[in-house]
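Read-outs: derived from the displayed coordinates by stated rules, not from any lab. Nothing here was measured: the structure is a model prediction, and the numbers come from that model. Every residue, glycine among them, receives a Cβ derived from its backbone with ideal geometry; neighbour counts consider all protein chains shown.
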Amino acid sequence: MKTGTIFNIQKFSIHDGPGIRTTIFFKGCPLRCKWCANPESQAMDQQILWDHKKCIRCLQCIQICPQHALSLVKDQIHIDETKCIHCQACVQNCLQSALSCEGEKQEIDKIVEIALQDKDFYEESSGGITISGGEGMAQPEFLKDLVKELKKHDLHVAIETTGYVEPSLFQELAPLFDLLLFDVKHYDSHKHYQGTGVHNEKIIQNLSWALQNNLDVLPRIPVIPRFNASLQDAQGLAELLVKVKAKKVQLLPFHQFGQRKYEMMHRNYEYENEKAMQKEDLTEYQNEFIKKGLDCFF
Ligand code: SF4
Ligand code: SF4
């Protein structure tokens, strides 16, 4: 049985597709969005995180690590990723729960068992399962087998995708899903690169293919300050969606969820202290899509 690297399974999700859903978060993503709410999802491998607020500097973890991967540097626990073998001895022995391991190898049987626990709720609410991440399509063989197993139980399966996947692979994987929640971030490839670390041509090609082939696709735009939140950006994005023959689009106003995780990963967060956006802030933005004939909602 194949295993994949998962970093969370969240039950009773109501924002990741229709109805009540179980969301399975895959680890690994080819993008590096500056506003990412799940920075721990980006690396494909497991990672040890350290919470400086919980740590009392007892140094038990340093003593216990069989790889000598931990050290105290300027009053901070430093983790040498090149030495760490993710044995989790440090995590299990930290009495303050200051260390955690992000990402776990999971077997398909186990995930399906968890997913089936809430089948009654999916049936009552027209919900199901959503693959999120990270980018689920970055673990293609595991994804294929997992979806196949979930479909044996007649579950509605959606995926939240960046669309940044080789087109031949995308065309093999996308039709497996009942719904594609497809992120569209910028119409301008250069600006897309500045915000996410990748260009957008492949993404637009995949979006266009999915729409032309009558898959159920919901394009979703995360509206991000200083990246794509101007009216000019809305016009450019609306034109792009009309060009690929989309009929609807969902706007996801910026919210700050990831700040604490950036701290735990010793990473700089460019959106620290940025105010969350509200629907009311985006009325004119939304109108640019409506003017172009798109059903635009939040
Ligand atoms: S064992 Fe836990 S509390 Fe002690 S130094 Fe390590 S991380 Fe900090
Ligand atoms: S997971 Fe194991 S190898 Fe990695 S730092 Fe902790 S104790 Fe050391």
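Pull out a ≥ b ≥ c, the square roots of the eigenvalues of the alpha-carbon gyration tensor of region 47-102, then state rounded if a/c is under 1.5, prolate if not and a/b is larger than b/c, and oblate in the remaining case.
rounded
Would you calculate the separation in nanometres between label points at Thr82 and Lys275, each defined as 7 Å from the Cα along the Cα-to-beta-carbon direction?
Each label point lies 7 Å from its Cα, and together they span 4.6 nm.
For region 31-166, build the charge dipole from Cβ charges (+1 Lys, Arg; -1 Asp, Glu) around the Cα centre, then report which of Thr161, His78, Leu116 sits farthest towards its positive end.
Of the listed residues, the answer is His78.
Looking at the chain, identify the longest residue range that excludes and avoids all GluC sites (Glu not before Pro) in DSSP loops having at most 15 other Cβ atoms within 10 Å.
Here the longest segment lacking exposed loop sites spans 82-269.
Which residue, chosen from His68, Leu240, Ile131, occupies the Cα position most advanced towards the positive end of the dipole of the chain, where the dipole is computed from +1 (Lys, Arg) and -1 (Asp, Glu) charges on Cβ about the Cα centre?
It is His68.
So how strong a dipole does region 47-102 carry about its Cα centre when Lys and Arg Cβ are +1 and Asp and Glu Cβ are -1, to the nearest 20 debye?
Dipole size: approximately 180 debye.
Suppose every Lys and Arg Cβ carries +1 and every Asp and Glu Cβ carries -1, with no other charges. What dipole size does the chain come out with about its Cα centre, to the nearest 20 debye?
Computed about the Cα centre, the dipole is about 440 debye.
Between Ile62 and Glu166, what FRET efficiency comes out of the Förster formula 1/(1 + (r/R0)^6) with R0 = 41 Å and r the beta carbon distance, rounded to 0.05?
0.45
Could you point to the residue in Gly19, Ser189, Phe177 farthest towards the positive end of the chain's charge dipole, with +1 and -1 charges on the Cβ of Lys/Arg and Asp/Glu respectively?
Checking the options against the dipole of the chain, the answer is Ser189.
Residue-wise, which Karplus ³J(HN,Hα) couplings in Hz belong to region 158-172, taking 6.51 cos²θ - 1.76 cosθ + 1.60, θ = phi - 60°, and x for glycine or proline?
Whole-Hz 3J(HN,Hα) from phi for region 158-172: 10, 9, 8, 10, 6, x, 8, 9, 4, x, 5, 6, 4, 5, 7.
Output the pairs from Lys2/Lys110; Lys27/Lys185; Lys34/Lys261; Lys248/Lys275; Lys148/Lys248; Lys27/Lys83 with a Cα-Cα distance over 23 Å in this structure; if there are none, say none.
Cα-Cα > 23 Å for Lys248/Lys275; Lys148/Lys248; rest within.
Calculated from DSSP H runs of 4 or more alone, at -39500 (n - 2.57) each and per residue, what is the 222 nm mean residue ellipticity of the chain, nearest 500?
-8500 deg cm²/dmol
If you take the C-alpha gyration tensor of the chain, multiply each eigenvalue by 5 and take the square root, what semi-axes do you get, largest first, in whole Å?
Calculated on Cα positions only, the semi-axes equal 35, 25, 17 Å.
What does the charge add up to near Thr130, with Lys and Arg as +1, Asp and Glu as -1, over the other residues with Cβ less than 11 Å from its Cβ?
Taking every Cβ under 11 Å from that of Thr130, the sum is -2.
Using a Gaussian network model of the chain with C-alpha springs under 10 Å, which one of Asp178, Asp75, Asp45 is most mobile by mean-square fluctuation?
Asp75
Among residues other than Ala238 whose Cβ falls under 9 Å from its Cβ, what is the net charge (Lys/Arg +1, Asp/Glu -1)?
Surrounding charge for Ala238 is 0.
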